[in-house]
Amino acid sequence: MPHCEHAYLNRQVVRSDEASISSFDVGLLRGYAVFALLQTIGGTQFMFAEDLQRFRESAGLLGLEVPVDDIEIAAIVAELLDRNSREEATVRFVLTAG
């Protein structure tokens, strides 16, 4: 898969080569995190609502709160597709307790 130039981290879009998280993040140290994959096809987020519902349910089971609503997530994904010049992509959501 080709490299993406931009990512979303800690509520902002950043260049991928500048994105980093602490090696002390509890998600890395203890595996205390959830993730989900979202597929986009032709710029459309495929099964978006279902994927986000599962992501939120998984986060809830760990006592984690997803810090943004679905509308904001959709806008972030659209912005990342645009900045990375993509219509089709697999987008990975990762939420850690750190």
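The values are calculated or read from the model by the stated rules, or taken from the named source; none is laboratory data. Owing to the predicted nature of the structure, the values given are computational and were not obtained by experimental measurement. Reconstructed Cβ throughout: ideal geometry from the backbone, glycine too, with neighbour counts over all protein chains shown. The accessibility values were calculated without ligands, DNA or RNA, using every heavy atom of the protein model including side chains. Shrake-Rupley method; radii C 1.70, N 1.55, O 1.52, S 1.80 Å.
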- Out of all the residues in region 23-60, which are of a type in the set (Ser, Thr, Tyr) and in contact (Cβ under 8 Å) with a residue 24 or more places away in the chain? Tyr32, Thr40, Ser58
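Within 15 Å of the chain's Cα centre (by Cα) and at positive phi: does that describe Asn10?
yes
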- Message: So Ile71 ticks every box in (1) in contact with a Gly (Cβ under 7 Å, 6 or more places away or on another chain); (2) open to solvent by 60 Å² or more (accessible area, probe 1.4 Å); (3) not charged (D, E, K, R) but one. Which box is left unticked?
- Response: (1)
- Hits in region 15-43 (condition: loosely packed, with under 14 Cβ neighbours inside 10 Å and either closer than 16 Å to Val77 by Cα or touching a His at 6+ places or on another chain (Cβ under 7 Å) (or both)): Arg15, Ser16, Phe35, Leu37, Ile41, Gly42, Gly43
